[in-house]
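Following: one structure in structure tokens, then a few remarks.
The values are calculated or read from the model by the stated rules, or taken from the named source; none is laboratory data. The structure presented is a predicted model; accordingly, all values stated were derived computationally and were not measured. Note that each Cβ is placed from the backbone with ideal geometry, even for glycine, and that neighbours are counted across all protein chains shown.
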Amino acid sequence: MMNQKSFLNCVSHGEEDVIQEIIDLMEQKNIEYCVIGGLAVNAYVEPVISLDLDVVVIVDGIDKLIESTRDKFTIEKFPHSINLGSKNSDIRIQIQIDERYQDFIKRASIKNVMGYKMMVASLEDVLIGKVWAYSDEQRRGSKRQKDLADIIRIIESFPEMKSKLPEPIIEIINSIL
């Protein structure tokens with residue numbers, strides 16, 4: 001029988017378990033982090049498949065992590081993220097370097113996500129991050145729609161979180177639900 005971790009690696013054409021490798025590396029190097037984005041949403045609501053591992057890494061650990069992955073992953077730097085890729089998996093590891101996310105790390109806790117034990121941002125922080133992503137008009141429309149869907153998934157499971165949303169997003173959600 002296939003478990004969640006095996007399923008995710010199968011879907012991502014993973015010849016190697018790059019998610020576990022990154023988690024293990026951050027733990028071995030004592031790099032504080034937390035997962036945000038779609039996989040973090042999966043920690044709180046019924047999971048959907050995501051090939052992105054969005055991570056916030058403590059500022060003074062970013063260079064240590066990049067240096068430790070240089071031989072194993074391709075590294076691309078963007079204005080708000082550093083992306084790690086592997087020829088052995090379709091999983092995209094996106095290290096968020098926007099400073100707004102740094103406080104998420106101290107409120108994170110260990111969760112089981114798709115068979116992985118990892119530090120995950122709090123539910124409220126995951127929701128805030130999704131609101132920031134949805135509100136970023138520079139993002140592709142399809143990405144913003146996925147962010148909105150993730151916000152709705154959270155609100156359906158935790159209706160009390162709706163009060164944390166900006167009014168324009170509440171209006172959109174009210175027109176859908």
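Pick from Ile95, Ile62: which is crowded, with 17+ Cβ neighbours inside 10 Å, of a type in the set (A, V, I, L, M) and modelled with pLDDT of 90 or more? Exactly one residue qualifies, and that residue is Ile95. Please indicate, with yes or no, whether at least one residue in segment 67-82 is under 24 Å from Glu124 (Cα atoms), touching a residue at least 40 places away in the same chain (Cβ under 8 Å), surrounded by 14 or more Cβ atoms within 10 Å (Cβ to Cβ) and of a type outside the set (A, V, I, L, M, F, W, C). No, because not a single residue in segment 67-82 is under 24 Å from Glu124 (Cα atoms), touching a residue at least 40 places away in the same chain (Cβ under 8 Å), surrounded by 14 or more Cβ atoms within 10 Å (Cβ to Cβ) and of a type outside the set (A, V, I, L, M, F, W, C). Residues that are acidic (Asp, Glu), assigned to a helix (DSSP H, G or I) and under 20 Å from Leu51 (Cβ atoms) occur at least once in segment 137-159. The residues of segment 83-105 that are in contact (Cβ under 8 Å) with a residue 60 or more places away in the chain and in contact with an Asp or Glu (Cβ under 9 Å, 6 or more places away or on another chain), listed by number, are Leu84, Ser86, Asn88, Ser89, Ile91, Ile93, Gln96, Tyr101, Phe104, Ile105. Output yes when any residue across segment 130-144 is buried (at least 17 other Cβ atoms within 10 Å of the Cβ), under 13 Å from the mean Cα position of the chain (by Cα) and touching a residue at least 12 places away in the same chain (Cβ under 8 Å), and no when none is. Yes, because at least one residue in segment 130-144 is buried (at least 17 other Cβ atoms within 10 Å of the Cβ), under 13 Å from the mean Cα position of the chain (by Cα) and touching a residue at least 12 places away in the same chain (Cβ under 8 Å).
Scanning segment 104-123 for residues that are of a type in the set (Gly, Ala, Ser) and modelled with pLDDT of 95 or more returns Ala108, Ser109, Ala121, Ser122. Listed by position, the strands (runs of 3 or more DSSP E) enclosed by segment 31-117 that each have at least 2 residues that are over 23 Å from Phe158 (Cβ atoms) and hydroxyl-bearing (Ser, Thr, Tyr) are 81-86. If you go through segment 31-45 and keep only what is modelled with pLDDT of 95 or more and either over 13 Å from the mean Cα position of the chain (by Cα) or of a type in the set (Gly, Ala, Ser) (or both), you end up with Ile31, Glu32, Ala40, Ala43, Val45.
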